[in-house]
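*Asks:* Structure below; questions to follow.
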Amino acid sequence: MVGMDKTVACTVYGRIFSVVDVRTGAYVYEGRLSQPFTDKESGDTVRIADLSDFNVQGRYFIKVGLRRSESFDIAPFPYRILREKVMDAVYLSRCGCETDHPDLPQFAHGPCHTEAVTYEGRTFDVGGGWHTGGDYSKSVPGTCIVIADMLYSLMIFPYAFDKTLRKRMEVECFHGLEFITKMQAEDGGVYDSVRTDAAVNVTAPADDANKYHLTDKSAVATLRFAAVCALASRYYAADLPLSRKLASAAQTAWLYMLESEEYQYYKSKFGDISDEPDGVYTLSSEFMWAACELYSLTGGSRFAELIDKKYTGCLFSGFGDRFTGGYAALAYMLTDKPKKDYILSFIRMRWTYRGDRLWVARCSSGYHSCASAGGDYHYGSNIRILGNIRMAELAFMITGDRRYLTVSTDSLSYLMGVNPMGTAFMTDNRNGFCRNPAHAASMAAEGDICLPGLMVCGADQERSDPYVRWNIENGTPPSKCYADSPFSLSTNEPGLNISSPLFFISAFYDSMEHNAFNVLS
């Protein structure tokens, strides 16, 4: 990006690197590689090429000795294409309706999965929403994350979205909201997901004959539902019937949770509680997110009192993997209701503390990745890296400390190919990208192509699926436990909730020239 730090990781021996213009073949910049650094997560010896001083727009590649990199662009807004690709992927992942796309006709489809679902003797219409993962299942927690990412991005970075893209995002959010409101039961609780019974699915969406089944209600689904419906009720306030419907749904979900064992424990205890036997989800941040959004919607004193009582037990970090405290922080920071200065100060302290940890992690990584800051390369490593990027961006927005900006830029570079695999973890049909995702629609498409614009799970040092256990040797360095294969669910399954953070991350960079960060001041 013009005017930003630009570094490249090199694993070949050399002292000098050159920047070469793709169009003319001319050598336009030359610099000295850094001293070698052993990256403990990959075992690689890495040298860094720093070309931050070179800001001439164009398309280039890096050359070290006889080796050269893939081509790349230096441009004012290089990240804009990321959210456009993710937007296409979200739209083409729609369920229950016809889709069409002139540039990606292989992924357009007719109405799919339109049959009602029978659960406990009752029939449910679960149409709408998106296929949120690699198969054709639809998750309420995942759908809520996608909606939240789009709406918060539109609210915080209004300059980054032209009218066309803004309208597309608002329409897609409505499509997601239509699905999750169908998943709310009469008592206010929310069913977690709609699952397909297919072990492996390689059919196009409209041809899929596998039956859906409904999973039981969950606290995670209900709390995220309450938070997102409250958020959307405020965003769509001009559409009064829709806004009222969403507000009622949010409050009904909260009332359901007030009668739950999870709430009684949360109310009386300090710290995290688990919704799952294996501790996959912790609920303190989920409760805080829902409370903050409902306070922003209603201004209710009980929500204010709960936030005041529980804020010190919330990390105010995390964006949808195990924690959603980052969303809770945004909800509180963005509200137009009265706010307590000491809570705002606490949130900022949490953000800068996290930013400092990410800076240390970045500096200890040969590839300048922030993955080692709490989480390492376990299942879903890319989800946590994306969350860390957002935390670094937020820390920069409130402090102006360019260390945090460097963390964000370098970690995004890691995801887009500056990593031990030399592979961008985003699906695309070009060299250097993930081309073989564990994604049903891509496997069913004609030709050797995949649906672009989807982020995959990333390196998994536990090698959690049979394919990587057979094909990646035991003892392989953590960040190299990745396989670009449709058979590796633990490392190469994409998800819309993994991809949607790119709306926020890319909009952040496009907003820098507007200095459009005072919304969180």
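The values are calculated or read from the model by the stated rules, or taken from the named source; none is laboratory data. The shown structure was predicted, so the numbers you read here are calculated from the model rather than taken from an experiment. Neighbour counts run over all protein chains shown; Cβ positions are idealised from the backbone, glycine included.
*Asks:* What do you reckon, is Asp428 more than 18 Å from Gly458 (Cα to Cα) and not basic (Lys, Arg)? Show your work before the answer.
*Replies:* Working: more than 18 Å from Gly458 (Cα to Cα): no; not basic (Lys, Arg): yes.
Against the criterion (more than 18 Å from Gly458 (Cα to Cα) and not basic (Lys, Arg)), Asp428 does not qualify.
Per-residue answers, yes or no, for (1) touching a residue at least 60 places away in the same chain (Cβ under 8 Å); (2) out of contact with any Phe, Trp or Tyr (no Cβ under 9 Å at 6 or more places or on another chain); (3) assigned to a helix (DSSP H, G or I):
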| residue | (1), (2), (3) |
| --- | --- |
| Gly134 | yes, yes, no |
| Cys144 | yes, no, yes |
| Leu151 | yes, no, yes |
| His175 | yes, no, yes |
| Asn210 | yes, no, no |
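*Asks:* May I ask you to say which residue of Met349, Met391 is surrounded by fewer than 24 Cβ atoms within 10 Å (Cβ to Cβ), modelled with pLDDT of 95 or more and not β-branched (Val, Ile, Thr)?
*Replies:* On inspection, the qualifying residue turns out to be Met349.
*Asks:* OK, next. What is the residue count in segment 394-414 for residues that are charged (D, E, K, R) and either surrounded by 23 or more Cβ atoms within 10 Å (Cβ to Cβ) or not in a helix (DSSP H, G or I) (or both)?
*Replies:* The initial filter retains those residues of segment 394-414 that are charged (D, E, K, R), namely 401-403, 410.
In the following step, the residues that additionally are either surrounded by 23 or more Cβ atoms within 10 Å (Cβ to Cβ) or not in a helix (DSSP H, G or I) (or both) were identified as 401, 410.
Looking only at that region, the number is 2.
*Asks:* Taking segment 99-132 as the search range and keeping residues that are of a type in the set (Ser, Thr, Tyr) and without any contact (Cβ under 8 Å) to a residue 60 or more places away in the chain, which one is nearest to Asp149 (Cα to Cα)?
*Replies:* Quick first cut of segment 99-132, residues of a type in the set (Ser, Thr, Tyr) only: 99, 114, 118-119, 123, 132.
This time we only want the ones that are without any contact (Cβ under 8 Å) to a residue 60 or more places away in the chain, so: 99, 114, 118, 123.
Values: Thr99: 22, Thr114: 27, Thr118: 31, Thr123: 31 Å.
Only one residue fits best here, namely Thr99.
The rows are residues; the columns are (1) assigned by TED's automatic domain parsing to the domain that holds Thr132; (2) among the aromatic types (Phe, Trp, Tyr); (3) farther than 30 Å from Asn210 by Cα; (4) surrounded by fewer than 18 Cβ atoms within 10 Å (Cβ to Cβ).
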| site | (1), (2), (3), (4) |
| --- | --- |
| Val56 | no, no, yes, yes |
| Phe61 | no, yes, yes, yes |
| Arg68 | no, no, yes, yes |
| Met87 | yes, no, no, no |
| Tyr91 | yes, yes, no, no |
| Glu98 | yes, no, no, yes |
| Leu104 | yes, no, no, no |
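*Asks:* Criterion first (part of a helix (DSSP H, G or I) and either crowded, with 19+ Cβ neighbours inside 10 Å or of a type outside the set (A, V, I, L, M) (or both)) does Ala226 satisfy it?
*Replies:* Spelling it out, Ala226 is indeed part of a helix (DSSP H, G or I) and either crowded, with 19+ Cβ neighbours inside 10 Å or of a type outside the set (A, V, I, L, M) (or both).
*Asks:* Would you be able to say whether some residue in segment 153-165 is assigned by TED's automatic domain parsing to the domain that holds Met257, of a type in the set (Val, Ile, Thr) and within 23 Å of Gly134 (Cα to Cα)? Give the derivation first.
*Replies:* Of all residues in segment 153-165, those assigned by TED's automatic domain parsing to the domain that holds Met257 come to 153-165.
Going one step further and asking which of them are of a type in the set (Val, Ile, Thr), we end up with 156, 164.
Filter again for within 23 Å of Gly134 (Cα to Cα), leaving none.
Checked against the condition, which is being assigned by TED's automatic domain parsing to the domain that holds Met257, of a type in the set (Val, Ile, Thr) and within 23 Å of Gly134 (Cα to Cα), segment 153-165 yields no hits at all.
*Asks:* Give the residues of segment 42-63 that are within 14 Å of Val20 (Cα to Cα), among the charged types (D, E, K, R) and without any contact (Cβ under 8 Å) to a residue 40 or more places away in the chain, sorted by residue number. Walk me through it before giving the result.
*Replies:* If we filter segment 42-63 for residues that are within 14 Å of Val20 (Cα to Cα), which is where we start, we get 49, 51, 54-63.
Filter again for among the charged types (D, E, K, R), leaving 59, 63.
The answer is Arg59, and nothing else.
*Asks:* Here is a follow-up. In segment 192-208, which residue that is in contact (Cβ under 8 Å) with a residue 60 or more places away in the chain and assigned to a strand (DSSP E or B) is surrounded by the most Cβ atoms within 10 Å (Cβ to Cβ)? Spell out the reasoning first.
*Replies:* Here is the first cut: in segment 192-208, the ones in contact (Cβ under 8 Å) with a residue 60 or more places away in the chain are 194, 196, 198, 201-208.
Narrowing further to those that are assigned to a strand (DSSP E or B): 194, 196.
Numbers: Val194: 27, Thr196: 19.
Step by step, filter segment 192-208, then rank; the result is Val194.
*Asks:* Being assigned to a helix (DSSP H, G or I) and either in the same structural domain as Leu502 (by TED's automatic domain parsing) or of a type in the set (Lys, Arg) (or both), is that true of even one residue in segment 415-430?
*Replies:* Taking segment 415-430 as the starting set, the residues that turn out to be assigned to a helix (DSSP H, G or I) are 415.
Checking which are either in the same structural domain as Leu502 (by TED's automatic domain parsing) or of a type in the set (Lys, Arg) (or both) leaves us with 415.
Yes, the conditions are met somewhere in segment 415-430.
*Asks:* So, in segment 1-56, how many residues would count as being farther than 19 Å from His368 by Cβ, of a type in the set (Val, Ile, Thr) and touching a Lys or Arg at 6+ places or on another chain (Cβ under 7 Å)?
*Replies:* 3
*Asks:* So is Leu330 crowded, with 18+ Cβ neighbours inside 10 Å, at pLDDT 95 or above and closer than 28 Å to Leu297 by Cβ or not? Even if it seems obvious, please write down each step before you answer.
*Replies:* Numbers: crowded, with 18+ Cβ neighbours inside 10 Å: yes; at pLDDT 95 or above: yes; closer than 28 Å to Leu297 by Cβ: yes.
Answer is yes for this residue.
*Asks:* I'd like to know if segment 106-125 contains one or more residues that are β-branched (Val, Ile, Thr), assigned by TED's automatic domain parsing to the domain that holds Ser499 and buried (at least 20 other Cβ atoms within 10 Å of the Cβ). Lay out the reasoning, then the answer.
*Replies:* Here is the first cut: in segment 106-125, the residues β-branched (Val, Ile, Thr) are 114, 117-118, 123.
With assigned by TED's automatic domain parsing to the domain that holds Ser499 added as a condition, the list becomes 114, 117-118, 123.
Still in the list and also buried (at least 20 other Cβ atoms within 10 Å of the Cβ): none.
No - not one qualifying residue is present in segment 106-125.
*Asks:* May I ask you to list the residues in segment 171-191 that are crowded, with 17+ Cβ neighbours inside 10 Å and either hydrophobic (A, V, I, L, M, F, W, C) or under 23 Å from Phe504 (Cα atoms) (or both)?
*Replies:* Once the filter is applied, which keeps residues that are crowded, with 17+ Cβ neighbours inside 10 Å and either hydrophobic (A, V, I, L, M, F, W, C) or under 23 Å from Phe504 (Cα atoms) (or both), segment 171-191 yields Glu172, Cys173, His175, Gly176, Leu177, Phe179, Ile180, Met183, Val190.
Every residue, every condition in (1) aliphatic (A, V, I, L, M); (2) more than 27 Å from Cys10 (Cβ to Cβ), yes or no:
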position	(1), (2)
Asn431	no, no
His439	no, yes
Leu454	yes, yes
Glu462	no, yes
Ile472	yes, no
Ser490	no, yes
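*Asks:* Among the candidates Gly14, Gly31, single out the residue that is closer than 30 Å to Gly475 by Cα, of a type outside the set (S, T, N, Q) and modelled with pLDDT of 90 or more.
*Replies:* Details: Gly31 fails: closer than 30 Å to Gly475 by Cα.
Answer to the check: Gly14.
*Asks:* Taking the residues in segment 229-250 that are in a helix (DSSP H, G or I) and not hydrophobic (A, V, I, L, M, F, W, C) as candidates, determine which candidate is farthest from Tyr327 (Cα to Cα). If you could, list the steps in order and put the result at the bottom.
*Replies:* So the first thing to find is which residues in segment 229-250 are in a helix (DSSP H, G or I), and the list is 229-235, 240-250.
From what's left, not hydrophobic (A, V, I, L, M, F, W, C): 233-235, 241, 243-245, 248.
Values: Ser233: 16, Arg234: 15, Tyr235: 15, Pro241: 26, Ser243: 20, Arg244: 22, Lys245: 22, Ser248: 21 Å.
Among residues in segment 229-250 that are in a helix (DSSP H, G or I) and not hydrophobic (A, V, I, L, M, F, W, C), the one farthest from Tyr327 (Cα to Cα) is Pro241.
*Asks:* Of the residues Ser500, Ser511, which is in contact with a helix residue (DSSP H, G or I) (Cβ under 7 Å, 6 or more places away or on another chain), modelled with pLDDT of 95 or more and not acidic (Asp, Glu)? Full working, then the answer.
*Replies:* Numbers: Ser511 fails: modelled with pLDDT of 95 or more.
Among Ser500, Ser511, only Ser500 is in contact with a helix residue (DSSP H, G or I) (Cβ under 7 Å, 6 or more places away or on another chain), modelled with pLDDT of 95 or more and not acidic (Asp, Glu).
*Asks:* How about segment 210-233: which of its residues are aromatic (Phe, Trp, Tyr) and closer than 16 Å to Phe174 by Cβ? Spell out the reasoning first.
*Replies:* Step one: filter segment 210-233 for residues aromatic (Phe, Trp, Tyr), giving 212, 225.
Residue satisfying the conditions is Phe225 alone.
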